[in-house]
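Structure provided below as structure tokens; questions to follow.
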Amino acid sequence: MAEDNDAKQLALDVGAFATSAIPYIGGPISNVLSGVGTVRRINRVREVVARLARDLQEVRSVNEEYVKSEEFKELLELALRQAADERDEQKRRLYAAFLADDIRLPGPSYDEKLRFLRTLEELQPDDLAVLRALGAPPENNPGSMGSPGQTLSRRLTGLDAAHIAELIGQLNAMRITNLGNLNIMMTGSGAADLRHAITAYGQRFLKYLNEP
């Protein structure tokens, strides 16, 4: 009972903060909070809301018609509920970045944004590490010869080659990357620059990963 009361009070506090910091979406955020449940899950949403408020500090005007639409409210609710279940802090930052981007520039279609959230829910921290490694600029003096697999192994010292190959296969299947044979030998400069292996869809994730 005490924990339930703590959760209710915390939800009220976070809702009040959201209404003050981001008034045009404070109401929908409060509605989500009322159904999130435990203190732990509410604290995860609080983290996302605080980051979202920070990211939107410089935004002087928004498309009010859009942020009041059912489409946006559904995306907001889905993103916050997924964030409430997400244990990884890095992924929670991506949810905040996604929402801030959608508020600033609601460009892609609803279906595209829904796909993005579903993909983000599936991605694991190791997937994101591989994506960041693929997007890194080539090293200076990469040598005369090399392979994509060797490049990724240098950049991902905590992962073994077999696991990296498995992760690349998963990212390829999700159409985030399109990297082929990891062991093919090529020039050192070619092996060191793997940015081309990230699809246009994958570039959206990489953009959020590179945000502070």
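Which numbered condition in (1) of a type outside the set (Asp, Glu); (2) free of Cβ contacts under 8 Å to residues at least 12 places away in the same chain; (3) farther than 23 Å from Leu182 by Cα is the only one that Ser153 fails?
Result: Ser153 fails condition (3) only.
Also: Please verify whether Val36 is among the β-branched types (Val, Ile, Thr), surrounded by 15 or more Cβ atoms within 10 Å (Cβ to Cβ) and in a helix (DSSP H, G or I), treating the condition exactly as stated.
Numbers: among the β-branched types (Val, Ile, Thr): yes; surrounded by 15 or more Cβ atoms within 10 Å (Cβ to Cβ): yes; in a helix (DSSP H, G or I): no.
When the stated conditions are applied, Val36 does not pass them.
A follow-up question, please. Tally up the residues in the range 75-90 that are farther than 17 Å from Val14 by Cβ, out of contact with any Asp or Glu (no Cβ under 8 Å at 6 or more places or on another chain) and either modelled with pLDDT of 95 or more or not in a helix (DSSP H, G or I) (or both), please.
3
In the range 121-164, what count of residues is obtained for those that are part of a helix (DSSP H, G or I) and over 22 Å from the mean Cα position of the chain (by Cα)? Quick ask: steps written out before the conclusion?
Residues of the range 121-164 that are part of a helix (DSSP H, G or I), as a first pass: 121-122, 125-135, 148-155, 161-164.
Filter again for over 22 Å from the mean Cα position of the chain (by Cα), leaving 148-151, 153-154, 161-162.
So the answer is 8.
Which of the residues belonging to the range 73-91 are under 10 Å from Glu121 (Cα atoms) and in contact with a helix residue (DSSP H, G or I) (Cβ under 6 Å, 6 or more places away or on another chain)?
Going through the range 73-91, the residues under 10 Å from Glu121 (Cα atoms) turn out to be 79, 82-83, 85-86, 91.
Once the filter is applied, which keeps residues that are under 10 Å from Glu121 (Cα atoms) and in contact with a helix residue (DSSP H, G or I) (Cβ under 6 Å, 6 or more places away or on another chain), the range 73-91 yields Ala79, Gln82, Ala83, Glu86.
The values are calculated or read from the model by the stated rules, or taken from the named source; none is laboratory data. Everything numeric here is computed off the predicted structure, so don't read it as measured data. Cβ atoms come from the backbone with ideal geometry, glycine included; neighbour counts cover every protein chain shown.
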